[in-house]
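Have a look at the structure below, then the notes.
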Amino acid sequence: MTEPGLSHAEPREPVVGDVLGPLGAAVMRVLWNRGSATVGAVVDALNAERRRPLAYTTVMTIMSRLFERGLLERDKQGRQYVYRPVADEPALLETLSGQAVDELLARYGTMALRQFAHRLADSDPDLRAQILELAARRSR
């Protein structure tokens, strides 16, 4: 039974833009492709693909926030920082999804688990089997 206004969307694999937004995801893609880069190099790479250029300060703010969240490392080289990702995209999504679950459980506790159980009971049997297989693999 679906609550009014709620739909049971088919689960899909997340993409980095879902959790970091389009600009954060674009910054991460540049860094994954290059391995490491300064803010200026990331700005140049992003602006090469855009009609309206991004401001240096906009990209610097995004990169600083990604650093503060622990998604980027940085080293001072001369007067600027060189940034590099701490993980590849699959590992980053794994970490962020775990953090989202932790936050959900911390905020809603057993109520969140109860809602998940209800959704699982109403789900497609193949999806339910996939979820149970994933849980079994994790507990091994």
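Just a few scattered comments:
- Only listed residue being among the acidic types (Asp, Glu) and in the same structural domain as residue 35 (by TED's automatic domain parsing), chosen from 73, 103: 73
- Taken together, 19, 43 contain a single residue that is within 24 Å of residue 79 (Cα to Cα) and surrounded by 15 or more Cβ atoms within 10 Å (Cβ to Cβ), which is 43.
- Residue check for residue 18: assigned to a strand (DSSP E or B), free of Cβ contacts under 8 Å to residues at least 40 places away in the same chain and not hydrophobic (A, V, I, L, M, F, W, C): no
- Residue ID - nearest to residue 94 (Cα to Cα), chosen from residues in segment 46-83 that are surrounded by 15 or more Cβ atoms within 10 Å (Cβ to Cβ) and among the polar types (S, T, N, Q): 64
- Identification of helices (runs of 4 or more DSSP H) wholly contained in segment 33-123 with 1 or more residues that are touching a residue at least 12 places away in the same chain (Cβ under 8 Å) and small (Gly, Ala, Ser) yields 39-47, 89-108.
- Complete set of residues in segment 74-89 that are over 13 Å from residue 39 (Cα atoms) and acidic (Asp, Glu): 88, 89
- Sole exception among (1) part of a helix (DSSP H, G or I); (2) without any contact (Cβ under 8 Å) to a residue 12 or more places away in the chain for residue 30, by number: (2)
- Index of the failed condition, residue 56 passing every other in (1) in contact with a Gly (Cβ under 9 Å, 6 or more places away or on another chain); (2) under 30 Å from residue 103 (Cα atoms); (3) not basic (Lys, Arg): (2)
The values are calculated or read from the model by the stated rules, or taken from the named source; none is laboratory data. Just so you know, these numbers come straight off a predicted model, no measurement behind them. As a convention, Cβ positions derive from the backbone with ideal geometry for all residues, glycine included, and neighbour counts pool all protein chains shown.
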